[in-house]
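Read-outs throughout are calculated quantities, based only on the coordinates presented, and are distinct from any laboratory measurement. No experiment lies behind these values; they were computed from the predicted model shown. Counting neighbours? That spans all protein chains shown, and the Cβs are built from the backbone with ideal geometry, glycine included.
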Amino acid sequence: MSGGEAKLLGRWGEAKAAELLRQRGYTILAAGYRCRFGEIDLIAKHDKYLCFIEVKLRKNDTFAPGRAAVDKRKQQKLRTTAEFYLAEHPWEELQPRFDVAELYAPQGMATQSPTFYYWENVF
């Protein structure tokens, strides 16, 4: 898979996750938020939480679940990026939370209904 194809597939997965989260009552505030420290796939409001969401798209979980790819180094990068976002967008009434969305799409973008798992307050 080329770099362009991988980016396209990743964006598809993030859009699909955002759609599924909206169905669960989440309000998507940002998608693909970038700053000099890194990127956060989705930022959403849900109840009293400001959710920083890492989306992991896989064909299957044979090797490992998607959330396993959010290692300590990735977690630190997400924290630093979230701190930068909060400095730019103060949400005093919302409690920050780090979540992981897992999508399993065996046929890639041709998958009609990917399997979706959502893990709240992962780290």
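Does residue 62 meet the test of being surrounded by 17 or more Cβ atoms within 10 Å (Cβ to Cβ), over 23 Å from residue 4 (Cα atoms) and polar (S, T, N, Q)?
No; evaluated as a whole, the condition is false for this residue.
Here are 4, 13: which of them is assigned to a helix (DSSP H, G or I), of a type outside the set (A, V, I, L, M, F, W, C), at negative phi and loosely packed, with under 12 Cβ neighbours inside 10 Å?
None of the other options fit; the residue is 4.
Could you tell me whether the stretch 18-39 includes any residue that is closer than 17 Å to residue 66 by Cα, aromatic (Phe, Trp, Tyr) and touching a residue at least 40 places away in the same chain (Cβ under 8 Å)?
no
Suppose we filter 29, 42 for residues that are of a type in the set (A, V, I, L, M) and over 10 Å from the mean Cα position of the chain (by Cα); which single one remains?
So the residue among 29, 42 that is of a type in the set (A, V, I, L, M) and over 10 Å from the mean Cα position of the chain (by Cα) is 29.
Cβ-Cβ distance below 6 Å, separation of 6 or more or different chains: which pairs start in the stretch 70-95 with a residue that is within 13 Å of residue 45 (Cβ to Cβ) and end on one that is of a type in the set (A, V, I, L, M)?
91/50; 94/50
Identify all residues within the stretch 15-41 that are within 18 Å of residue 118 (Cα to Cα) and out of contact with any strand residue (DSSP E or B) (no Cβ under 8 Å at 6 or more places or on another chain); write none if there are none.
Once the filter is applied, which keeps residues that are within 18 Å of residue 118 (Cα to Cα) and out of contact with any strand residue (DSSP E or B) (no Cβ under 8 Å at 6 or more places or on another chain), the stretch 15-41 yields 19, 23.
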